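The numbers here are math on the coordinates, done by the rules we state, and not lab data. Just so we're clear, the structure is a prediction, and the values are computed from it rather than from any experiment. For neighbour counting, all protein chains shown are included, and Cβ atoms are generated from backbone atoms with ideal geometry for every residue, glycine included.
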Amino acid sequence: MKATAPAWVLLVIMACSVQVVTCSTAAGNDIIDRHQAAAIGRFLLVLMASSVYVTICSSSNTTPGNKTDRLSLLEFKNWISLDPQQALASWNDSTHFCNWEGVSCRTTSNRVTNLDLGNRGLVGQISPSLGNLTFLKHLSLATNRFSGQIPASLGQLYRLQTLYLSNNTLHGVIPAFQNCSNLQKLWLDGNNLLGDFPGLPLGLKQLLLESNNLSGTIPPSLANITTLKDLGFTYNNIEGNFPHEFAMLPELQSLGAGANHLAVSLSSLPYLEQLDLSFNNISDALEYLHHGNQGTIVHCDLKPANILFDDNMTAHVGDFGLARFKFDSAAALSTYSISTSAAIMGTIGYIAPEFAAGGAVSSAADVYSFGIVLYEIFLRRRPTDDMFNGGMNITKFVEMNFPDMVPQIIDPQLLEEQQDLSQETSFAIKQKSLECLLSVLSIGLLCTKPSPNERISMQEAAARLHDINKAFPREN
């Protein structure tokens, strides 16, 4: 209903009506006395004032903004081709749109603020009309069967705080979201999205892009989002290197980057830099995870692809997506007893034999993986190379050749003669390098014992590596 005249006009008309009733009754042979007429007048005045109030309130529920929200939701419904759970059955004229399933509104203005239709089995495409819900703060359409592209209009919702579109079959390029200045969580994982990283707002806290078909490189500008806590883009086709700026993200807690084509290679570094990395960073990080907490943190997927570098080529262990935790007083006494019923996790070639056979998760498995990484650094061979088959693996290969044949199996560049030095000095440096290599590989052998109980702890491995670093200091 729509008001046809201002409220004060109607009140004047009502007041006049009261006088008319009073006068007519006085001339009507006193059928109704003056007091009765006044009472009737007051009743009519109250009744009509109530009508004005209802008219005004009804008008406030049909403002242009309300109509836009309602029509936008109906247009969204029109783009749904299958609704197996009848989630949208209430979306009709007999029910106010703020009471439709999955819809929440502001009580003061009846503007849509939340739309939650996750896990409803909906089939169809996402209508661009959702971009007209300008008061929308939370949108969840995750775990449905939406196809087509993500509407670019969603990138204009400046009040939007969370957008969950995970686990659909969306494709195409991700639209820009930098205008969504309040966006904190963007979940787009589990789709078929293409292209590069999208434009993003500076206040974002979670960005999940796993299991898509994204390509290109990691933009250095991503490191400008200093609020970022969780970043995941595993199982894509991302190439290139990690921007050095990533090491400066102050809030980053979780980084998943595996199963891409990133050029993160320890073997591309000069020899002495590799030793420094092993001594001071990777081993220390694992020692802290295993022994520096009230409980034990097991990484479960240590490999070169999960080792990141900052501007100073300092190594940082990343991608804790498979990590397991145990927090109790006994954890500090025994680091090899963390049980779990989880499925086999990790990467072939780096998984400890007991872990691959379905055994319990333990810090000893991380120690084994660390030993494999040491082999890969100095042999320049991956544990999955074609030569390791038929019962031969990289650990057995090192055992068979240690110590006498080590010069023949390591990367020959590590023992190259120094052409600008005298023959005597060059030979001395070569021998010193060989002694250092043998010391490091011996630690690798202690880390990769078949039985987890025979392996040294990460604490001992780190201490031994520090001793080697002191015994063979880097020369400038």
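Return the subset of Lys303/Lys430; Lys77/Lys229; Lys67/Lys185; Lys303/Lys396; Lys396/Lys430 for which the Cα-Cα distance in this structure is over 27 Å, preserving the input order.
Lys303/Lys430; Lys77/Lys229; Lys67/Lys185
First measure r as the distance between the Cβ atoms of Ile429 and Thr169, then evaluate 1/(1 + (r/R0)^6) with R0 = 45 Å and state the FRET efficiency to the nearest 0.05.
Given R0 = 45 Å and the Cβ-Cβ separation, E is 0.15.
Run the quick spin-label model on Thr108 and Leu438: label points 7 Å from Cα toward the beta carbon, then report their separation in nm to one decimal.
Between Thr108 and Leu438, the label points sit 7.9 nm apart.
Cut-off is 10 Å between beta-carbons; in what order do Tyr164, Tyr368, Tyr158 appear when sorted fewest neighbours first?
Least to most surrounded, the residues fall as Tyr158, Tyr164, Tyr368.
Any idea how far the Cα center of segment 178-202 sits from the one of segment 116-139, in Å?
Cα centres, segment 178-202 to segment 116-139: 16 Å.
Label points 7 Å out from Cα along the Cβ direction at Leu202 and Glu239: separation in nm?
3.2
Per-residue HN-Hα couplings for segment 383-389, Karplus 6.51 cos²θ - 1.76 cosθ + 1.60 at θ = phi - 60°, whole Hz, x for Gly and Pro?
x, 9, 4, 4, 5, 9, 8
In whole angstrom, how long is each semi-axis of the equivalent ellipsoid of segment 126-232, when you take the square root of 5 times every eigenvalue of its Cα gyration tensor and sort them from largest down?
19, 18, 12
How much of the DSSP bridge set in segment 95-185 is antiparallel, in percent, rounded to the nearest 5?
Around 25 percent of the beta bridges assigned by DSSP in segment 95-185 are antiparallel ones.
For Arg159 and Met400, what does the FRET efficiency come to when R0 = 60 Å and r is the distance between their Cβ atoms, rounded to the nearest 0.05?
0.40
Measuring from label point to label point, each 7 Å out along Cα→Cβ, what is the Asn78 to Asp385 span in nm?
6.4
Can you tell me how much longer the chain between Lys470 and Ala89 gets when fully stretched, taken as 0.36 nm per residue apart minus their C-alpha distance, in nm with one decimal?
129.9 nm
Just the projected area, averaged over all directions, of the convex hull on the alpha carbon atoms of segment 64-266: how many nm²?
That works out to 11.3 nm².
Going by how many other Cβ atoms sit within 10 Å of their own, how do Glu454, Glu376, Glu354, Glu101 line up, fewest first?
Glu454, Glu101, Glu354, Glu376
With a Förster radius of 35 Å, plug the Cβ-Cβ distance of His261 and Asn99 into 1/(1 + (r/R0)^6) and report the FRET value to the nearest 0.05.
Computed FRET efficiency for His261 and Asn99: 0.10.
If you rank Leu379, Leu160 by fewest surrounding Cβ atoms within 10 Å, what's the result?
The order, fewest Cβ neighbours first, is Leu379, Leu160.
So what J values fall out for segment 194-207 if you push phi through Karplus, 6.51 cos²θ - 1.76 cosθ + 1.60 with θ = phi - 60°, rounded to Hz, Gly and Pro as x?
10, x, 8, 4, x, x, 10, x, 6, x, 5, 10, 10, 9
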